[in-house]
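Notes follow once the structure below has been shown.
The values are calculated or read from the model by the stated rules, or taken from the named source; none is laboratory data. Quantities reported herein were computed from a predicted structural model and do not represent experimental measurements. Positions of Cβ are generated from backbone atoms using ideal geometry, with glycine treated the same way; all protein chains shown enter the neighbour counts.
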Amino acid sequence: MVPASYDKVYAVLRDLRTYPAWWPEVKSVLPVNEDRAVVLIMGVLPYSLEFLMEREIDDPQSGILRAGLSGDLEGFSSWAVKPSDECCDLIYDQEVVVTKKLVRALAPVARPVLRLNHSFMMVRGERGLRSYLASSSG
């Protein structure tokens, strides 16, 4: 749950250009057009992943945002934003396959470390979003 209005939360999550400002592991977002952007992420491990995000669902009525991913990650990521009084419940869902050769080669022996890296990234994303929403006006 984040203590911010539905409209504010939805607008921030919808605008990929804001992600590097609040999610430390999102290093850059290069818009291609209104519905597509090239995203570069890097956790604490010394590798980065670059992928194209393409908007598939943008439905403010239901609070659903979903993007297809292609490149070093293949699959989708989505947000479900649900208003709750003056807060919002958020559900982040992701179904991806890592296609980057280095990561795939290391996965059989490094899976626990890779999962820890991902968990750390998600925790920092949540903290960053909370802080960004608290400090931004509107």
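Before moving on, here are some points about what is shown:
- Filtering Leu13, Leu52, Leu69 for residues that are part of a helix (DSSP H, G or I) and more than 18 Å from Ser119 (Cα to Cα) leaves a single hit, Leu13.
- Answer residue from region 43-57, given it is free of Cβ contacts under 8 Å to residues at least 24 places away in the same chain and buried (at least 17 other Cβ atoms within 10 Å of the Cβ) and is farthest from Glu25 (Cα to Cα) among those: Leu52
- Qualifying residue in region 80-101 (condition: farther than 22 Å from Leu133 by Cα, out of contact with any helix residue (DSSP H, G or I) (no Cβ under 7 Å at 6 or more places or on another chain) and of a type in the set (Gly, Ala, Ser)): no
- Filter result for Arg115 (farther than 21 Å from Val12 by Cβ and among the basic types (Lys, Arg)): yes
- Filtering region 1-20 to residues that are surrounded by 15 or more Cβ atoms within 10 Å (Cβ to Cβ), under 21 Å from Met42 (Cβ atoms) and touching a residue at least 12 places away in the same chain (Cβ under 8 Å) leaves Leu13, Leu16, Thr18, Tyr19.
- The set of residues in region 33-49 that are outside any loop (DSSP other than H, G, I, E, B) and either in contact with a Ser or Thr (Cβ under 7 Å, 6 or more places away or on another chain) or under 19 Å from Gly75 (Cα atoms) (or both) comprises Arg36, Ala37, Val38, Val39, Leu40, Ile41, Met42, Ser48, Leu49.
- Qualifying residue in region 89-100 (condition: crowded, with 16+ Cβ neighbours inside 10 Å, modelled with pLDDT of 95 or more and closer than 16 Å to Val9 by Cβ): yes
- Verdict on Leu16 being aliphatic (A, V, I, L, M) and out of contact with any helix residue (DSSP H, G or I) (no Cβ under 9 Å at 6 or more places or on another chain): yes
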